[in-house]
Amino acid sequence: MSRAAVLGLEDGSTWWGEAFGDASPAAGEVVFNTAMTGYQEIASDASYNGQLVVLTYPLIGNYGVFARAAESRRPWVEALIVRELNSTCRAGTEDLDAYLRGHGVPGLAGIDTRALVRRLRSAGTMRGVLLQVAPHLAQDPEIGREAVAKARTTTALSSRPLVAEVGGATRESGSGPKVALLDTGVKENQVRELVRRGATVKVFASTVGAREILGWSPDGIVVTNGPGDPASLPQVTATVRVLLDTALQRGMAGHPLPVLGICLGHQLIARCIGGTTSRLRFGHHGGNHPVQNVRTGRVVITSQNHEYQVDEDSIRPETDFVVSARNLNDGSVEGLSHRTLPIRTYQYHPEGAPGPRDNELVFETFLGDVRAAALLAR
């Protein structure tokens with residue numbers, strides 16, 4: 001063991017193992033992800049900003065990392081926690097240890113991740129701190145107590161500007177009908193899926209106002225995934241409210257402006273129509289969540305990454321929005337749709353990355369609406 005590390009949780013428990021990645025400490029919320037593959041996509045998902053992620057699949061790192069698999073310009077996890085790290089067998093351009101080290105992200109290996117996940121499932125998401133020490137100080141109770149004390153005083157994520165931290169610059173790619181994408185932490189595969197299907201996608205930074213977005217004259221609008229509590233984003237919510245109101249007004253006038261909300265975008269749109277959001281006990285993170293379409297009864301397996309949910313009772317009938325899908329594990333809201341207009345939201349990630357890829361039909365449907373709207377506008 002070249003370096004030791006300890007994870008201290010706010011409930012007083014400590015978890016000792018071997019350090020990898022960067023040597024820096026990490027602090028934030030500790031969550032778990034149940035996907036069996038896709039550790040690079042998980043690490044580079046901006047929705048994990050502020051979180052230490054425990055991977056439940058026991059063997060991690062065996063195929064390395066690939067530039068094409070990155071979902072953002074860098075990994076956003078505060079730390080990665082695994083049962084066994086394998087950096088000897090890889091097909092990628094570099095190994096996971098080097099990838100995290102190169103971006104200043106620490107890791108912890110060699111702990112009983114099953115026991116840790118069971119604790120998080122029982123108690124819910126907790127704040128935690130990861131500290132690295134020299135091997136001869138491993139299991140030092142004083143260092144363990146220090147990690148726990150720091151975990152208990154770690155700033156709540158709702159107080160951090162998580163969306164502002166992950167945002168990038170405005171950019172444009174593709175050719176075809178114009179899709180404006182409000183970037184609150186977008187995964188690159190959302191852009192790739194839209195461009196691949198023949199759209200011009202202009203990604204607008206989350207700080208850009210609705211006037212500038214609408215001034216581009218888009219044929220459709222996407223509000224993306226992102227980190228944190230939707231209730232702590234008043235500026236972004238105000239932008240989404242103007243975009244949504246514009247889509248509703250145009251739709252009622254016979255000139256639809258399709259809107260697609262994904263994950264955080266789903267929650268923000270719900271809040272814009274008077275809905276409320278609340279925190280799940282331990283969130284939904286993984287690639288194996290069953291979701292049922294309310295109208296058809298069809299069940300799909302979905303990729304998810306969120307700590308908050310839309311409260312179903314808060315979606316009022318007079319808004320003309322209805323719940324379109326539910327999670328079969330806990331009954332939480334997985335989608336909303338307008339009764340007559342092409343405005344739809346999804347709590348899960350239709351772009352996968354990591355998979356499954358069952359739900360790419362979401363992009364087909366949205367772009368079908370966009371093309372129809374573009375024809376009407378001519």
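Here, each number is a calculation from the coordinates, and none is a lab measurement. In this text the structure is predicted, and so the values were computed from the model without any measurement. Cβ: placed from backbone, ideal geometry, glycine included. Neighbour counts: every protein chain shown.
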Cα-centred dipole magnitude for segment 84-207, charges only on beta-carbon of K, R (+1) and D, E (-1), debye, nearest 20: 580 debye
Gain upon complete extension [residue 159, residue 205; 0.36 nm per residue less C-alpha separation]: 14.5 nm
Selected from 104, 67, 214, residue furthest toward positive end of dipole (the chain; charges at beta carbon): 214
Max mean-square fluctuation residue, GNM over the chain, Cα-Cα springs under 10 Å, options 42, 269, 301: 301
Fewest-first ranking of 257, 328, 268, using other Cβ atoms within 10 Å as the exposure measure: 328, 257, 268
Candidate values (1) 72, 43, 37; (2) 82, 40, 37; (3) 63, 45, 43, label of the one derived for Cα extents along the principal axes in Å: (1)
Rel. contact order, % - alpha carbon contacts under 8 angstrom, at least six apart, the chain: 16 percent
Relative exposure of 57, 346, judged by other C-beta atoms within 10 Å (fewest first): 57, 346
Neighbour-count ranking [beta-carbon atoms within 10 angstrom, fewest first] of 272, 263: 272, 263
Theoretical gain in end-to-end length, residue 339 to residue 276 [0.36 nm per residue, Cα-Cα removed]: 20.7 nm
Electrostatic dipole magnitude of the chain [Cβ: Lys, Arg +1; Asp, Glu -1; Cα centre; debye, to 20]: 660 debye
Projected label distance in nm at residue 323 and residue 296, using a 7 Å step from Cα toward the beta-carbon: 2.0 nm
Relative contact order [Cα under 8 Å, 6+ residues apart], segment 115-263, whole percent: 21 percent
Dipole magnitude (debye, nearest 20) for segment 42-110, charges at Cβ of Lys, Arg, Asp, Glu: 100 debye
Equivalent-ellipsoid semi-axes of segment 4-155, from the Cα gyration tensor, Å, largest first: 24, 16, 14
Within segment 9-44, backbone nitrogen closer than 19 Å to the virtual label 7 Å beyond the Cα of residue 145 toward Cβ: 9-16
Gyration tensor verdict on segment 162-377 (Cα atoms; rounded if a/c is under 1.5, prolate if a/b is larger than b/c, oblate otherwise): rounded
Amide H partners (placed H, <5 Å) of residue 50, local residues excluded: 78
Cβ-derived FRET efficiency at R0 45 Å, residue 88 paired with residue 232, nearest 0.05: 0.60
Simple spin-label estimate for residue 246 and residue 152 in nanometres, 7 Å along Cα-Cβ: 5.0 nm
Amide H partners (placed H, <5 Å) of residue 197, local residues excluded: none
Net charge contributed by nearby residues that have their C-beta within less than 13 Å of residue 244 (K/R +1, D/E -1): +2
Spatially proximal lysines relative to residue 187 (Cα-Cα < 22 Å; intrachain offsets below 8 disregarded): 178, 202
Residue-by-residue Karplus 3J(HN,Hα) for segment 337-354, coefficients 6.51, -1.76, 1.60, Hz, glycine and proline x: 8, 6, 5, 10, 9, x, 10, 9, 10, 9, 6, 7, 9, x, 7, x, 6, x
Derived scalar couplings ³J(HN,Hα) [segment 183-197; Karplus, 6.51 cos²θ - 1.76 cosθ + 1.60; whole Hz; x for Gly, Pro]: 8, 9, x, 4, 7, 4, 5, 5, 5, 4, 5, 6, 5, 4, 8
Total formal charge among the other residues, if their Cβ is under 9 angstrom from that of residue 272, Lys/Arg +1 and Asp/Glu -1: +1
